[in-house]
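Laboratory data are not the source of any read-out in this text; all were calculated from the coordinates shown. Bear in mind the structure is a predicted one, so any value in this text is a computation, not a measurement. When we count neighbours, we look across all protein chains shown, and the Cβ atoms used for this are built from the backbone with ideal geometry, even at glycine.
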Amino acid sequence: MAENIIRVVVAGPRGKMGMEAVKLVNETDHFELAAAVDSKNDGIQIKDLEGMPDDKAPVFDDLEKCLDQVEADVLVDLTTPEAGKKHLGIALDHGVRPVIGTTGFNEEEIEQSRKKAEEKGIGAIIAPNFAVGAVLMMKFSQMAAKYFPDVEILEMHHDNKLDAPSGTAAKTAALINEVRTPKQQGHPDEKEDMEGARGAEVNGLHIHSVRLPGLVAHQEVLFGGAGQTLTIRHDSINRQSFMPGVRLAVDNVVRLKTLVYGLENIME
Ligand SMILES: NC(=O)C1=CN([C@@H]2O[C@H](COP(=O)(O)OP(=O)(O)OC[C@H]3O[C@@H](n4cnc5c(N)ncnc54)[C@H](O)[C@@H]3O)[C@@H](O)[C@H]2O)C=CC1
Ligand SMILES: O=C(O)C1=N[C@H](C(=O)O)C[C@H](O)C1
């Protein structure tokens, strides 16, 4: 790694998140945009893409090709579940530390990548949510679940989202299930008269996914106990909310020697 400068490749630069990430890298003194990987536009420079900063970093249409030609320290991936999974493997194979914001990974995929990162002796971060407030919402939910084992997760997103449930909801359920005794919620004899009415189920805990234009990224974690309810809610009202977390992840991934799943593991 060039001293103090972190060379970053951004995958998905024309996307809602990728565009913000390119700006973040361009504006951060100790980051350098090494390249961008787009699904098209091979051979142009980043400045030639609409709305991009005046940066001459090259654009590739393939990560393998990019990492064969460009010196890079970190890959920031903000693409699609399919591309993100592929890119995670390619980056590790090239010894480039992945920071994956793309969602849709299951536990097995995360464990396999953890092994690979450790074999390579490099860091990797999969962060289902880069917003500090969302990470706190997940941590507070884990605290509350110790006292309120009855809980339902309601995640609400814009209608261009490909994966359901959201990575944040899946991670919240995983954190809650670390402390909650497995419990089937609702009436033991309850029946769905319409399929899906009770949402997805993880160890008896239910997740409900809403998709609507006008939304960005929102989640409520609802707890119920005798005579009381507790609601913990987080709202991202724009994509800038995620950028301090992207910066934190890039700064931290270069010192790690394993894969970290969730920003809470690197937040002080
Ligand atoms: N971890 C976090 O805090 C957040 C994660 N996300 C996740 O990030 C991902 C991207 O979200 P958005 O920017 O909203 O989506 P988007 O649809 O606006 O952008 C995705 C971009 O990826 C590009 N792409 C697709 N396949 C590609 C490939 N093989 N190589 C390079 N680029 C490729 C598309 O052309 C598009 O420009 C999603 O998985 C979403 O769930 C979104 C917001 C926050
Ligand atoms: O697709 C999105 O927009 C978001 N995806 C992430 C998720 O699946 O949790 C993070 C955030 O909720 C926005």
**Asked** In the set Asp159, Asp163, which member is of a type in the set (Asp, Glu), within 16 Å of ligand 2 (Cβ to nearest atom), in contact with a Leu (Cβ under 8 Å, 6 or more places away or on another chain) and in a loop (DSSP other than H, G, I, E, B)?
**Response** Asp159
**Item:** Given (1) within 28 Å of Leu215 (Cβ to Cβ); (2) surrounded by 15 or more Cβ atoms within 10 Å (Cβ to Cβ); (3) free of Cβ contacts under 8 Å to residues at least 24 places away in the same chain, number of the condition Glu82 does not satisfy
**Value:** (2)
**Request:** Kindly indicate which of Ile110, Ile100 is within 13 Å of ligand 1 (Cβ to nearest atom) and over 19 Å from Asp235 (Cα atoms).
**Result:** Ile100
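Could you check the range 24-54 and list, in sequence order, the residues that are buried (at least 17 other Cβ atoms within 10 Å of the Cβ) and either in a loop (DSSP other than H, G, I, E, B) or within 14 Å of ligand 1 (Cβ to nearest atom) (or both)? Break it down stepwise before answering.
Of the residues in the range 24-54, the ones buried (at least 17 other Cβ atoms within 10 Å of the Cβ) are 24-26, 28, 31-38, 41, 46, 49, 52.
Matches in the range 24-54: Leu24, Thr28, Ala35, Ala36, Val37, Asp38, Asn41, Ile46, Leu49, Met52.
Is at least one residue of the range 58-66 under 14 Å from the mean Cα position of the chain (by Cα) and not β-branched (Val, Ile, Thr)? If you could, list the steps in order and put the result at the bottom.
Taking the range 58-66 first, the residues under 14 Å from the mean Cα position of the chain (by Cα) are none.
So far as the range 58-66 goes, no, none of its residues is under 14 Å from the mean Cα position of the chain (by Cα) and not β-branched (Val, Ile, Thr).
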**Item:** The one condition in (1) away from ligand 2 (no atom under 16 Å from the Cβ); (2) assigned to a strand (DSSP E or B); (3) within 23 Å of Ser166 (Cβ to Cβ) that Val9 fails to fulfil
**Value:** (3)
**Request:** Specify which of the listed residues (Val59, Val76) is touching a residue at least 12 places away in the same chain (Cβ under 8 Å), within 16 Å of ligand 2 (Cβ to nearest atom) and assigned to a strand (DSSP E or B).
**Result:** Val76
**Asked** Scanning for something in contact with a Pro (Cβ under 9 Å, 6 or more places away or on another chain) and basic (Lys, Arg), does the range 158-172 turn up at least one residue?
**Response** yes
**Prompt:** Which of the residues spanning the range 224-268 are polar (S, T, N, Q) and touching a residue at least 40 places away in the same chain (Cβ under 8 Å)?
**Reply:** Ser236, Gln240, Ser241, Asn252, Thr258
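Do we have any residue at all in the range 125-140 that's assigned to a loop (DSSP other than H, G, I, E, B), in contact with a Ser or Thr (Cβ under 9 Å, 6 or more places away or on another chain), of a type in the set (S, T, N, Q) and buried (at least 23 other Cβ atoms within 10 Å of the Cβ)? Explain how you work it out, then say what you get.
So the first thing to find is which residues in the range 125-140 are assigned to a loop (DSSP other than H, G, I, E, B), and the list is 127-131.
Keeping just the survivors that are in contact with a Ser or Thr (Cβ under 9 Å, 6 or more places away or on another chain) gives 128-131.
Those left that are additionally of a type in the set (S, T, N, Q): 129.
Now drop any that are not buried (at least 23 other Cβ atoms within 10 Å of the Cβ), which leaves 129.
The answer is yes; a qualifying residue exists.
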**Asked** Quick one: in the range 1-23, which of the residues that are closer than 16 Å to Gln240 by Cβ and among the charged types (D, E, K, R) is nearest to ligand 1 (Cβ to nearest atom)?
**Response** Lys16
**Request:** Tell me which of these Ser166 doesn't satisfy, since it passes every other one: (1) in contact with an Asp or Glu (Cβ under 6 Å, 6 or more places away or on another chain); (2) away from ligand 1 (no atom under 11 Å from the Cβ); (3) among the hydroxyl-bearing types (Ser, Thr, Tyr).
**Result:** (2)
